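Participant: This is the structure I want to talk about, given as structure tokens.
The values are calculated or read from the model by the stated rules, or taken from the named source; none is laboratory data. What you see is a predicted model; the values in this text were computed from it and never measured. Counting neighbours? That spans all protein chains shown, and the Cβs are built from the backbone with ideal geometry, glycine included.
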Amino acid sequence: MAVLAQVPRDTISRVSERSAHATVAGISWPDWTPTDVATLVFVVSDGQVLLIRKKRGLGAGKINGPGGRLDPGETPEACAVREVHEELRTIPLDPVELGQLSFQFVDGYGIHVHVFRATGFENEPRETVEAVPLWAPLDALPFDQMWADDALWLPVLLAGEPFRGWFVFDGDRMLDAVLETGADANPTAAGPSRSR
């Protein structure tokens, strides 16, 4: 099993009194239902990855990949393409889903994210009311301005490898994480293999 990341136990013990769900293992993932289902898309081209600085919504001010919530009846791939176009007026070409991420926040909010990688795009990305586009070199990603979990799984996606992750957050602070990669990254798994 390729478990790449876990938050130190002392971090968990400091917050465990605040929530019974302060750890990945403390959540019954097979019974978990996210509040929202969403997508993220990372376009890789010429040694760079297309990112955005979010202007509004969850993660406003942070750098991330373009994406957003699925509309009723929409497939994750259709959502991925639509959201990139809405946020940057560009269209990702041949997006491939490489990972899925499940996030539980201690305030009760949960989101499940389908993560795509594309290797091309139509139309030059441009700023919209939702996001500012930026290209980052693959060897100099701005992790200090991104969600804490991104440093765990984004290098795996950029390498073209499959992954599956489960995370617990308190606001924008990551409390616990489990990431499975390669053959262990079963995208349909309800929970980490260590808890199955």
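Participant: I'd like to check something: does the range 101-109 contain any residue that is of a type outside the set (Ser, Thr, Tyr) and at positive phi? If you could, list the steps in order and put the result at the bottom.
Facilitator: The first filter runs over the range 101-109 and keeps only residues of a type outside the set (Ser, Thr, Tyr), leaving 101, 103-108.
Retained after the next criterion (residues that are at positive phi): 108.
Yes, the range 101-109 contains a residue that is of a type outside the set (Ser, Thr, Tyr) and at positive phi.
Participant: Within the range 113-196, which strands (runs of 3 or more DSSP E) (wholly inside it) include 2 or more residues that are in contact with an Asp or Glu (Cβ under 7 Å, 6 or more places away or on another chain)?
Facilitator: 131-137, 163-170, 173-181
Participant: Let me ask something else about it. Provide a single number: the residues in the range 32-56 that are touching a Lys or Arg at 6+ places or on another chain (Cβ under 7 Å) and under 11 Å from Ala131 (Cβ atoms).
Facilitator: 1
Participant: Any idea which residue in the range 57-80 is surrounded by the fewest Cβ atoms within 10 Å (Cβ to Cβ), counting only those that are free of Cβ contacts under 8 Å to residues at least 24 places away in the same chain and at negative phi?
Facilitator: Across the range 57-80, the extreme among qualifying residues is Pro72.
Participant: Suppose we filter Leu40, Leu58, Leu4 for residues that are within 16 Å of the chain's Cα centre (by Cα) and modelled with pLDDT of 95 or more; which single one remains?
Facilitator: Leu40
Participant: What pairs come out if I take residues in the range 124-136 that are over 16 Å from Gly59 (Cα atoms) and pair them with residues that are part of a loop (DSSP other than H, G, I, E, B) and among the β-branched types (Val, Ile, Thr) whose C-beta lies under 9 Å away, six or more apart or interchain?
Facilitator: Close Cβ pairs (under 9 Å, with a partner that is part of a loop (DSSP other than H, G, I, E, B) and among the β-branched types (Val, Ile, Thr)) amount to Glu124/Thr90; Pro125/Thr90; Arg126/Thr90.
Participant: Here is a follow-up. Just to verify a result, which residue in the range 137-149, among those that are free of Cβ contacts under 8 Å to residues at least 60 places away in the same chain and hydrophobic (A, V, I, L, M, F, W, C), is farthest from Asp46 (Cα to Cα)?
Facilitator: The selected residue is Ala148.
Participant: What's the number of the condition Glu86 fails, among (1) assigned to a loop (DSSP other than H, G, I, E, B); (2) farther than 21 Å from Gly99 by Cα?
Facilitator: Of (1) assigned to a loop (DSSP other than H, G, I, E, B); (2) farther than 21 Å from Gly99 by Cα, only one is false for Glu86: (1).
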